[in-house]
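J.: Supplied in structure tokens, the structure appears directly below.
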Amino acid sequence: MAFNLENTLVIGISATALFDLSEADALFKKEYANHPDNAIQIYRDYMLRHEDAPLEKGIGFTFIKALLDLNRYQNKGDSPLVEVVVMSRNSPDTGVRVLNTIRELKLNITRSAFTAGESSADYIEAFGVDLFLTTDEKDAQKVIDSRTCASAVLSTPPEYTCEIENGQVRIAFDGDAVLFDESSELVYKQEGIEAFHKNEDASQNIPMLGGPFATFLKKLASLQHRLPMRMEYSPVRIAIVTARNAPADLRVIKTLRHWGVYVDEAFFLGGIEKSKILESFKAHIFFDDQDVHLKTSSLVVPSGKVLYPSNSRLNK
């Protein structure tokens, strides 16, 4: 049966981001280092022996569960508000444990891809994915370079203690090189903060171009419009948490207005620490491009690194 998912938010997530597969991965790496010819068989035997043992929740689980819960607002006969595709480098045979855990935890996930060691990034476009979350930096880079959709690398932080609001989905974004293109960031990197502020103040009425997460943000805005309540009371709550400050703040607000995107909260921090804001906001997930911010944010909320395209001048 074919479904029209044009108005559905589609999330692709690697099995290693949805569930904790660290023990199995460590076994494979150890065996591959010592017995490369037998490593795949040893890994397969391990996964088959444990396929009825549910996996622990991974770093992306709470975010995915909250998104799927939005489907309670779906009107009968309409396409779902959210679809999730689990993507795994396991073979179908060794992936049974993943599928069993989905059923055990009663996750409404019906689509999956098992590629037996091949990159799952090659199938992102075929599944119509709007956001791809993975623990594999090479896969994330491949998606970013293809410009197929938004993509981020999730890394497992120490245990975070943030109590997340029940019934809501809370997503926080950095601005430059994430929601917006990298041109303003390049001015700052190459010419300094004074030139950056002068440029942004002079350009406050010129909307910024979209960055790697702009299309995803606009799809979130479309999702909000499908919900039955006023935007201000939407269970999807969006925050911008940026190192910008005045006079570079107005351009952010006016760009979002030009895009037709409603954002609930915006924090212009002027370079101060982001983690306390994110903890107070109780984000399910935070997306940023800079390690200096992710190092502290990941201690309090699940965080995803947005990689620069391989040809980006920011890599230099």
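J.: Within segment 202-234, count every residue that is modelled with pLDDT of 95 or more, within 13 Å of Ile171 (Cα to Cα) and assigned to a loop (DSSP other than H, G, I, E, B).
T.: Number satisfying all stated conditions: 1.
J.: Still on this structure: Of all residues in segment 304-316, which are modelled with pLDDT of 95 or more and either touching a strand residue (DSSP E or B) at 6+ places or on another chain (Cβ under 8 Å) or of a type in the set (A, V, I, L, M) (or both)?
T.: Gly304, Lys305, Val306, Leu307
J.: Could you go through segment 176-186 and let me know if any residue there is outside the structural domain of Asp52 (by TED's automatic domain parsing) and of a type in the set (Val, Ile, Thr). Before you say what the answer is, go through the steps one by one.
T.: In the first step, residues of segment 176-186 are kept if they are outside the structural domain of Asp52 (by TED's automatic domain parsing); the result is 176-186.
Those left that are additionally of a type in the set (Val, Ile, Thr): 178.
Checking segment 176-186: at least one residue is outside the structural domain of Asp52 (by TED's automatic domain parsing) and of a type in the set (Val, Ile, Thr).
J.: Could you tell me which numbered condition Leu48 fails, if it satisfies all but one of (1) of a type in the set (A, V, I, L, M); (2) outside any loop (DSSP other than H, G, I, E, B); (3) exposed (fewer than 14 other Cβ atoms within 10 Å of the Cβ); (4) modelled with pLDDT under 90?
T.: Tallying (1) of a type in the set (A, V, I, L, M); (2) outside any loop (DSSP other than H, G, I, E, B); (3) exposed (fewer than 14 other Cβ atoms within 10 Å of the Cβ); (4) modelled with pLDDT under 90, Leu48 fails exactly one: (4).
J.: Go through (1) in contact (Cβ under 8 Å) with a residue 12 or more places away in the chain; (2) surrounded by fewer than 21 Cβ atoms within 10 Å (Cβ to Cβ) for Lys76 and report which single condition fails.
T.: Unmet condition: (1).
J.: I would also like to ask the following. With the condition kept exactly as written, say whether any residue in segment 150-173 is among the aromatic types (Phe, Trp, Tyr), under 16 Å from Ser303 (Cβ atoms), in contact (Cβ under 8 Å) with a residue 12 or more places away in the chain and surrounded by fewer than 22 Cβ atoms within 10 Å (Cβ to Cβ).
T.: Applying the first criterion (among the aromatic types (Phe, Trp, Tyr)) to segment 150-173 yields 160, 173.
Next cut, under 16 Å from Ser303 (Cβ atoms) only: 160, 173.
Those left that are additionally in contact (Cβ under 8 Å) with a residue 12 or more places away in the chain: 160, 173.
From what's left, surrounded by fewer than 22 Cβ atoms within 10 Å (Cβ to Cβ): 160.
Checked segment 150-173: at least one residue is among the aromatic types (Phe, Trp, Tyr), under 16 Å from Ser303 (Cβ atoms), in contact (Cβ under 8 Å) with a residue 12 or more places away in the chain and surrounded by fewer than 22 Cβ atoms within 10 Å (Cβ to Cβ).
J.: Out of the residues in segment 11-42 meeting the condition of being outside any helix (DSSP H, G or I) and buried (at least 21 other Cβ atoms within 10 Å of the Cβ), tell me which one is farthest from the chain's Cα centre (by Cα).
T.: The initial filter retains those residues of segment 11-42 that are outside any helix (DSSP H, G or I), namely 11-14, 19-21, 35-38.
Keeping just the survivors that are buried (at least 21 other Cβ atoms within 10 Å of the Cβ) gives 11-14, 19, 21.
Numbers: Ile11: 8, Gly12: 9, Ile13: 9, Ser14: 11, Phe19: 15, Leu21: 19 Å.
Here the residue is Leu21.
J.: Exactly one of these conditions fails for Ala126: (1) outside any helix (DSSP H, G or I); (2) touching a residue at least 12 places away in the same chain (Cβ under 8 Å); (3) of a type in the set (A, V, I, L, M, F, W, C); (4) loosely packed, with under 15 Cβ neighbours inside 10 Å. Give me its number.
T.: Ala126 satisfies every listed condition except (2).
J.: Could you check segment 279-295 and list, in sequence order, the residues that are under 25 Å from Leu314 (Cα atoms), out of contact with any His (no Cβ under 9 Å at 6 or more places or on another chain) and buried (at least 17 other Cβ atoms within 10 Å of the Cβ)? Break it down into steps so the answer makes sense when it comes.
T.: Residues of segment 279-295 under 25 Å from Leu314 (Cα atoms): 285-295.
Keeping just the survivors that are out of contact with any His (no Cβ under 9 Å at 6 or more places or on another chain) gives 285, 287-295.
Ile285, Phe287, Asp288, Asp289, Gln290, His293, Leu294, listed by residue number.
J.: A follow-up question, please. Quick one: is Gly95 out of contact with any Leu (no Cβ under 6 Å at 6 or more places or on another chain), closer than 20 Å to Leu227 by Cβ, of a type in the set (Gly, Ala, Ser) and assigned by TED's automatic domain parsing to the domain that holds His50? Lay out the reasoning, then the answer.
T.: On the way: out of contact with any Leu (no Cβ under 6 Å at 6 or more places or on another chain): yes; closer than 20 Å to Leu227 by Cβ: no; of a type in the set (Gly, Ala, Ser): yes; assigned by TED's automatic domain parsing to the domain that holds His50: yes.
No.
The values are calculated or read from the model by the stated rules, or taken from the named source; none is laboratory data. No experiment lies behind these values; they were computed from the predicted model shown. We place every Cβ from the backbone using ideal geometry, glycine too, and count neighbours over all the protein chains shown.
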